[in-house]
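What follows is one structure encoded as structure tokens, with my remarks underneath.
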Amino acid sequence: MVRLRTEPVAIVAAGVVTPLGDVDAFWSGLVTGTDAISRIERFPVDDLRVGLGGEIKKLKRERRGGCRASQLLFAAADDLLARAHLDAAPRRVGVVLGTALGGVEEGERALAGDPSARRTAAALYDGPAHALARRLGCRGPALTVSTACASGATSLGVAADLLRADAADLVVAGGYDILCRFVMRGFDALRSLTRDRVRPFDRRRSGLLLGEGAALVLMARDRDARRRIGRLLGHASAGDGTHVAAPDPEGRGLASAIRIALAEAEVGPEDVDFVSAHGTATPLNDRIETAVLKRVLGARAGLIPMNSIKGALGHTMGAAATLEAIMCLLASREGVVPHTVGLEERDPECDLDYVTTAPRAARPRVSLSTSLGFGGCNAALVLEGDAR
Amino acid sequence: MTGSEVAAVGVVTGWGRSAVALPPDAVRAAAGRRVIAVEPPRAAGERFRRATRECQLGVAAVEALLREASLGPEAIRGDETALVYVTAAAYGSSNRAFIRAIASSTLHFPYTAPSAVPAEVAIEFGLTGPYVILIGGAAATIDGLWQATLLLRRGQCRRALVLAVETFAECEDLWARGRWLVRPPLVESAACALVVPGPWRATYAPAPAPSPLEALARARAGETLACAPLIALALARAAGDAGPVTLTGEWRGRRAGLAWEAH
């Protein structure tokens with residue numbers, strides 16, 4: 001197949017809410033190796049095997065009304081709008097959000113007896129995206145992507161498509177998900193949650209812990225952007241077609257997504273300076289991801305610094321890939337790659353250059369970020385930092 | 001620039017197993033029933049032991065597409081076929097079951113994710129190409145069809161399946177609360193379009209008003225949310241119109257449009 005190069009898209013600014021805080025606190029927490037995992041307090045967890053997670057204990061400003069997912073999005077939008085303006089006609093500003101869970105907590109409340117139509121509508125997985133669009137006054141396309149835990153990567157790709165097609169002049173894109181009983185019960189039942197700490201790529205890794213957050217970026221056509229923190233050069237997604245919950249043992253979908261994203265970006269393995277891995281710390285994911293990166297990047301794989309930020313934050317599901325993309329761009333700007341919190345003893349099967357123990361001085365220009373999710377969803381982003 | 005066209009559409013609804021089965025007037029045919037349910041044929045095999053009704057409907061829609069196109073499953077197998085899945089709410093019943101702990105076993109949880117439906121379809125038909133999942137009603141399906149044309153244009157695939165599934169029966173009481181979102185009869189549906197390289201240029205833009213096809217699909221099928229644009233395509237093709245076509249779809253106040261026109 002003949003593949004066409006796609007025009008890079010500018011990432012103008014970022015805004016987040018995480019267990020570590022806003023963008024500044026997120027970055028300083030990552031480089032200081034802060035572990036944001038704590039006992040979950042917002043809902044009962046005593047009946048679960050594991051009651052730990054990356055919970056946001058307090059939002060700076062809680063708004064009346066709106067579900068928690070919307071509250072997180074509003075907080076991330078506050079952070080974003082403190083750094084950039086939506087200077088385009090409202091009908092030319094789009095919103096594209098990724099989520100694994102949408103407004104599912106509202107569904108729990110609706111089924112628990114809250115009969116309001118508002119609650120029912122908010123339970124739909126695209127409810128929070130529409131709530132954010134209303135809050136920001138964006139009247140352009142409002143899309144919700146749900147490629148499970150790869151959603152925050154796919155959403156940036158879809159946003160870039162809207163800009164390239166001139167369907168919008170600006171797009172607020174990203175991902176979000178909340179910690180709630182629904183998802184904690186689910187992962188608890190799957191025995192995916194660790195009772196230890198999250199240890200990506202570590203010999204002793206025994207599972208993930210969940211986190212919550214919202215991550216937004218403001219995107220514009222590169223030629224229109226007066227300033228930027230980086231560019232999205234390439235994006236691709238691919239399905240495994242092997243299992244509803246587990247990744248393909250050979251990682252074929254992930255390999256395909258990485259290859260297509262690199263081709264779209266017109267960069268080769270030799271151009272990649274940094275890899276932000278999905279790195280959930282499940283025995284299967286980290287081994288498969290390592291093998292795929294070695295296969296696709298060849299000899300270069302072992303020379304590229306790599307990390308996973310899930311040891312610090314937990315797996316923030318729909319927010320994860322956008323947070324990781326933002327981390328890549330901040331690493332380029334600041335000249336520092338955060339280390340992988342929780343990684344202490346190398347797994348012989350995970351033998352790449354993971355940044356451990358302390359942040360590493362490096363200024364990656366081109367970063368590759370990988371994501372996987374339930375349903376055989378895989379996504380890859382190729383990003384270029386805008387170094388100071 | 002690579003153009004595209006819709007080569008075939010498979011449709012399964014509460015009215016029957018093809019677009020031809022749609023009544024002339026869905027409201028009249030419903031005779032006061034709020035939900036017109038569909039029971040998909042159960043796919044055989046141990047692998048489908050835990051598959052939800054939505055997953056079964058997704059598989060049934062792709063099988064209907066293959067019949068319509070006179071293709072075997074090998075024609076779509078592999079990494080050159082993209083899968084774009086759209087639904088407004090076909091995760092509702094599995095979410096409800098999980099919340100109510102009717103089915104809270106270990107393996108049920110992954111089926112609460114919208115991605116479970118395209119996953120089962122991808123497994124069944126061996127689809128390993130580009131993969132996009134959008135949440136929303138008919139406007140999201142327009143977005144999904146547009147995504148399919150982009151994937152073709154960029155050479156990321158040789159063909160794209162745009163699949164939509166909607167179920168209502170298990171959450172009928174919740175839909176009754178959201179009357180401003182939907183208008184009965186709510187007709188359970190699954191539909192799949194095969195988009196391939198072709199002569200037409202696809203133009204994607206907001207639509208100020210419903211296209212004649214949107215209105216026709218609404219009148220004939222009833223409320224089918226994300227399935228509506230695909231049903232509209234099937235109706236156009238059933239009427240012998242496989243050429244340039246203008247589709248629109250509305251959801252939560254946004255109406256999107258996609259026109260396949262001559263270059």
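When region A:130-157 is examined, which residues are found to be aliphatic (A, V, I, L, M), touching a helix residue (DSSP H, G or I) at 6+ places or on another chain (Cβ under 8 Å) and either surrounded by fewer than 24 Cβ atoms within 10 Å (Cβ to Cβ) or closer than 19 Å to A:Leu86 by Cα (or both)?
Passing the criteria: A:Ala131, A:Leu132, A:Leu136, A:Ala142, A:Leu143, A:Leu156.
Would you confirm, using the coordinates I've provided, whether A:Thr147 is polar (S, T, N, Q), within 27 Å of A:Met327 (Cα to Cα) and at the interface with another protein chain (Cβ under 8 Å from one of its Cβ atoms)? Before the answer, list the steps.
Values: polar (S, T, N, Q): yes; within 27 Å of A:Met327 (Cα to Cα): yes; at the interface with another protein chain (Cβ under 8 Å from one of its Cβ atoms): yes.
Taking the combined requirement at face value, the residue satisfies it.
May I ask you to say which residue of B:Pro41, B:Pro73 is touching a Phe, Trp or Tyr at 6+ places or on another chain (Cβ under 7 Å), more than 10 Å from chain A (Cβ to nearest Cβ) and over 23 Å from A:Gly107 (Cα atoms)?
Values: B:Pro41 fails: touching a Phe, Trp or Tyr at 6+ places or on another chain (Cβ under 7 Å).
After applying the criteria, what remains is B:Pro73.
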Limited to region A:79-99, what total is found for residues that are more than 14 Å from chain B (Cβ to nearest Cβ) and either surrounded by fewer than 23 Cβ atoms within 10 Å (Cβ to Cβ) or free of Cβ contacts under 8 Å to residues at least 60 places away in the same chain (or both)?
-> 8
Set A:Leu156, A:Leu170: member being over 17 Å from the mean Cα position of the chain (by Cα), more than 12 Å from chain B (Cβ to nearest Cβ) and closer than 19 Å to A:Gly15 by Cβ = A:Leu170
Return the total of residues in region A:334-354 being over 12 Å from A:Asp273 (Cβ atoms) and surrounded by 16 or more Cβ atoms within 10 Å (Cβ to Cβ).
-> 12
Residues B:Ser94, B:Ser115: which one is of a type outside the set (D, E, K, R), buried (at least 24 other Cβ atoms within 10 Å of the Cβ) and facing another protein chain (nearest Cβ under 7 Å)?
-> B:Ser115
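If you check A:Met184 against the conditions, is it in contact (Cβ under 8 Å) with a residue 60 or more places away in the chain, in a helix (DSSP H, G or I) and not hydroxyl-bearing (Ser, Thr, Tyr)?
Working: in contact (Cβ under 8 Å) with a residue 60 or more places away in the chain: yes; in a helix (DSSP H, G or I): yes; not hydroxyl-bearing (Ser, Thr, Tyr): yes.
When the stated conditions are applied, A:Met184 passes them.
So, restricting to helices (runs of 4 or more DSSP H) that lie completely within region B:1-110, which ones have at least 1 residues that are closer than 27 Å to B:Arg252 by Cβ and among the hydroxyl-bearing types (Ser, Thr, Tyr)? Walk me through it before giving the result.
Details: elements: B:26-30, B:53-69, B:92-99.
In region B:1-110, B:92-99 are the helices (runs of 4 or more DSSP H) which contain 1 or more residues that are closer than 27 Å to B:Arg252 by Cβ and among the hydroxyl-bearing types (Ser, Thr, Tyr).
Do we find that A:Thr357 is outside any helix (DSSP H, G or I), within 20 Å of the chain's Cα centre (by Cα) and either at pLDDT 95 or above or surrounded by fewer than 24 Cβ atoms within 10 Å (Cβ to Cβ) (or both) in this structure?
Values: outside any helix (DSSP H, G or I): yes; within 20 Å of the chain's Cα centre (by Cα): no; either at pLDDT 95 or above or surrounded by fewer than 24 Cβ atoms within 10 Å (Cβ to Cβ) (or both): yes.
Here the answer is no, as A:Thr357 does not meet what is asked.
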Residues being among the hydroxyl-bearing types (Ser, Thr, Tyr), free of Cβ contacts under 8 Å to residues at least 60 places away in the same chain and farther than 17 Å from B:Thr167 by Cα: count how many of those fall in region B:45-92.
-> 1
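The values are calculated or read from the model by the stated rules, or taken from the named source; none is laboratory data. From a predicted model like this one, the values you see are computed outputs, not experimental measurements. Reconstructed Cβ throughout: ideal geometry from the backbone, glycine too, with neighbour counts over all protein chains shown.
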